[in-house]
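The values are calculated or read from the model by the stated rules, or taken from the named source; none is laboratory data. Since the model is a prediction, treat every value here as computed from it, not as a measurement. Don't worry about glycine lacking a Cβ; one is built from the backbone with ideal geometry, like all the others, and counts go over all protein chains shown.
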Amino acid sequence: MIAFLIRRLLQACIVMGVISLIGFSLRHTVGDPVREMYGMSVSAEVRAEARERLGLNDPIIVQYFRFLKNAVQGDLGNSLFYQKPALEVILSKAPATLELVFTSALLITLLSVPCGIYSAIHPRRLLSRIILGVSTVGVSVPVFFTALMCISLFSITLGWLPSFGRGELTPLFGGAWETGFLTWSGIKHLIMPSFALTSIMLPLFIRLVRAEMMEVLQMDYVKYARAKGLSERRIYWVHAFRNTLLPVITVGGVQLGILIAFTILTETVFNWKGLGGMFKEAVDRGDTSLLVAYMVVVGALFVVVNTVVDVIYGMVNPMVRVVGRK
Amino acid sequence: METLFFILSWTQPTINALAIAALSLFFLWMLGGRFLMPAAWGRFADSHLVYSFRRDAVAKGSLGILLVLLVASFACPWIAPTNPYDPASLDLMMAQTPPAWMEGGEPDQLPAFVLGADDQGRDLLSTMLYGMRVSLVIGIGAVLLQAVLGIAIGLTAGYLGKRVEMLLMRLADVQLSFSTLLVAIFIGAMFRTAFGVASYERLAVPILICIIGLAEWPQYARTVRASVLAEKKKEYVEAARVVGLPAWRIMLRHILPNTLSPVLVISTVQVANAMMTEAGLSFLGFGMPVTQPSLGSLINTGFEYLLSGSWWITIFPGALLVVLILSINLLGDFCRDVMNPRLYKGM
């Protein structure tokens, strides 16, 4: 187990190294820190002096290790537009995105498990066919189009829900986290974005739960439980469902990380002041440092999620441990 | 550099020539197959695939819709009422004209402005048809690139094994764990900052094909590797090795043809995925420019006018995109159900 853990952590470190390398080369080739600091209207001597002082004349390897050292200490450079440390900007925007992702993840879990299990148990019933049909359509509708349709229906035609922003926010932890969960206006603003974000992943989860459940239901131990005369409900929920959960959790954990990517689209449509919207603005403004910082932070988030999911899988599934010992 | 631009900028004639060539090849294959090679055609017509297809109304319907959309998009220079790429067709006086049946529409100008006009006064139907062609060209091109990359990598990894396999498949795993959309957006953002907006827009089609192709190859690599591992153990591979054939020949001529059916199955869904990614990129403004809009960038332009009541600029291209992707996905599901033996035995 320890060998498996070490190997997995080593892998995570290598991936982070690759991400940092990409980030560094992006910053090295695209941005010009001297121009970012002084603008265009400085003499060549000042410029040359600044280059020397910032260490831009050092060998690339030295510069990369300096970048790495700063990044580990939490210094990812300054955002060109906000004139603040990039990490600070990202941390101030993160709560909005995390609340959105959390709400969608909750919705996905609560909806996909019953839908998937129902359609696995009764594959030929009308309701299961409807669930599957709707999920096929759901996969085919781009997330931003779902969002636009929602706005068009609920904000413009019916006027029920607000179409942009986060509404009234309540500061928590001394203002470090502004939450929209505590006011009615905040929740009303959350409904459409989280629904749009849910719509992209829900079909995949329903299919995943359904496929796993159907496979489990064909296994011998389920037949044996039936032959033993256990009640159907006990077979489904205690015997079959528990064995469905393992693959669902592992695939699901990774997929939930992918939700972060779709926040870029959702937040752009709803003008949600989170990381995704910030990323799009950073690209439009050519804010390279912020872009690189976003890449490193989101990359780190992905790596952490994947590693944790893998480790949990390793703890639950003894096969992985055996292979790890070899 | 200029020559590169010249070769790479996909001007109208090149796309048209390619499209006509592809369409006529397709029809030749359909007709020629029937009359020139009756034996092969008969085998095809008796296959399990065709049999299931004939009994499946959904598959027939979606193939029909898909064919209509394909022909309509590649024949757009002849069937579209106006040419949206011609600067003369821009008419700001006509901007945001509603569809012909609505109040303020232009019913006397039919067939132009049936579905109204976009924000620059271009006929919306024509712009949508041309946009669908762009989306399809990017989708299919990106899938071809993915397939070539993914098959090459998957085949090498599966056949050589050991270190090479470890390295390549780890790479694929890592890239897959970052959503393909995110990877595409990153590469797109990098290209955009590196090339500058102007040249990015000139080369938008080939750049988008590269971006999406680079972002989604791991799907193919994994699928191919899995089937190569299964094929490698079989006796015909042993035999080929004993005869002393070189590794590349065994890989390309013996193993590859036997791994193609799962590749075909994922290809349909991958085209839909690639088009979704393209639409997402264009919606964010990293994709096709306003002068040559794809469906995604049309939806993006319309978004600004949605709140002021001009819903048609967004809703019509969006609906077309959904129908197109849905029909491809339904066909993909059908192929997967039929060609996956484990599934049809079990049901």
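Screening the candidates B:V148, B:V134, B:V183 for the property of being under 13 Å from the mean Cα position of the chain (by Cα) and either under 28 Å from B:L70 (Cβ atoms) or at pLDDT 80 or above (or both) yields one hit, B:V134. The single residue among B:A204, B:A221 that is in contact with a Pro (Cβ under 7 Å, 6 or more places away or on another chain) and away from chain A (no Cβ under 14 Å) turns out to be B:A204. The listed residues are A:A105, A:A94, and the only one of them that is in a helix (DSSP H, G or I), within 30 Å of A:Q73 (Cβ to Cβ) and more than 13 Å from every other protein chain (Cβ to nearest Cβ) turns out to be A:A94. Kindly indicate whether any position in segment B:234-253 is under 17 Å from the mean Cα position of the chain (by Cα) and either at the interface with chain A (Cβ under 9 Å from one of its Cβ atoms) or under 23 Å from B:L214 (Cβ atoms) (or both). Checked segment B:234-253: no residue is under 17 Å from the mean Cα position of the chain (by Cα) and either at the interface with chain A (Cβ under 9 Å from one of its Cβ atoms) or under 23 Å from B:L214 (Cβ atoms) (or both). Among residues of segment A:296-312 that are touching a residue at least 60 places away in the same chain (Cβ under 8 Å), those with a beta-carbon under 7 Å from a residue that is outside any helix (DSSP H, G or I) and hydrophobic (A, V, I, L, M, F, W, C) at least six positions away or on a different chain give the pairs A:V296/A:L76.
Considering (1) surrounded by 19 or more Cβ atoms within 10 Å (Cβ to Cβ); (2) over 13 Å from the mean Cα position of the chain (by Cα); (3) within 26 Å of A:I6 (Cβ to Cβ), the lone condition that A:V251 does not fulfil carries the number (1). The residues on offer are B:I299, B:I328, and the sole one that is at pLDDT 80 or above, out of contact with any Phe, Trp or Tyr (no Cβ under 9 Å at 6 or more places or on another chain) and within 11 Å of another protein chain (Cβ to nearest Cβ) is B:I328. Let me confirm something: among A:T170, A:T157, which residue is in contact with a Leu (Cβ under 7 Å, 6 or more places away or on another chain), free of Cβ contacts under 8 Å to residues at least 60 places away in the same chain and surrounded by fewer than 15 Cβ atoms within 10 Å (Cβ to Cβ)? Only one candidate qualifies: A:T170. Looking across B:G302, B:G280, one residue alone is in contact (Cβ under 8 Å) with a residue 40 or more places away in the chain and over 30 Å from B:L168 (Cα atoms). It is B:G302. Working only within segment A:213-239, note down all residues that are touching a Leu at 6+ places or on another chain (Cβ under 9 Å) and in contact (Cβ under 8 Å) with a residue 60 or more places away in the chain. Answer for segment A:213-239, where residues must be touching a Leu at 6+ places or on another chain (Cβ under 9 Å) and in contact (Cβ under 8 Å) with a residue 60 or more places away in the chain: just A:Y236. Residues in segment B:258-286 that are within 17 Å of the chain's Cα centre (by Cα), away from every other protein chain (no Cβ under 12 Å) and not β-branched (V, I, T): B:L264, B:S267, B:Q270, B:A274. Answer with yes or no whether B:D333 is under 19 Å from B:K60 (Cβ atoms) and more than 11 Å from chain A (Cβ to nearest Cβ). The answer is no for B:D333.
Table: residues versus (1) closer than 26 Å to B:N329 by Cβ; (2) within 14 Å of chain A (Cβ to nearest Cβ).
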site: B:S135; (1), (2): yes, yes
site: B:G141; (1), (2): yes, no
site: B:Q146; (1), (2): yes, no
site: B:A157; (1), (2): no, no
site: B:R163; (1), (2): no, no
site: B:R170; (1), (2): no, yes
site: B:D173; (1), (2): yes, yes
site: B:A198; (1), (2): no, yes
site: B:L208; (1), (2): yes, no
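Of all residues in segment A:224-260, those satisfying the criterion of being modelled with pLDDT of 80 or more and within 14 Å of chain B (Cβ to nearest Cβ) are A:L259, A:I260. Looking across segment A:267-326, the residues that are outside any helix (DSSP H, G or I) and either modelled with pLDDT under 80 or away from chain B (no Cβ under 12 Å) (or both) come down to A:W272, A:K273, A:G274, A:G286, A:D287, A:N317, A:K326.
Selection of segment A:114-153 for residues being farther than 30 Å from B:L298 by Cβ, part of a loop (DSSP other than H, G, I, E, B) and within 12 Å of chain B (Cβ to nearest Cβ) yields A:P123, A:R124. Residues of segment B:177-204 that are buried (at least 19 other Cβ atoms within 10 Å of the Cβ), in contact (Cβ under 8 Å) with a residue 40 or more places away in the chain and hydrophobic (A, V, I, L, M, F, W, C): B:L181, B:A184, B:I185, B:A189, B:A204. Any idea which residue in segment B:302-325 is farthest from B:L115 (Cα to Cα), counting only those that are of a type in the set (V, I, T) and within 8 Å of chain A (Cβ to nearest Cβ)? Filtering segment B:302-325 for residues that are of a type in the set (V, I, T) and within 8 Å of chain A (Cβ to nearest Cβ), the one farthest from B:L115 (Cα to Cα) comes out as B:I325. With respect to the conditions (1) crowded, with 18+ Cβ neighbours inside 10 Å; (2) touching a helix residue (DSSP H, G or I) at 6+ places or on another chain (Cβ under 7 Å), A:P95 lacks only one, and its number is (2).
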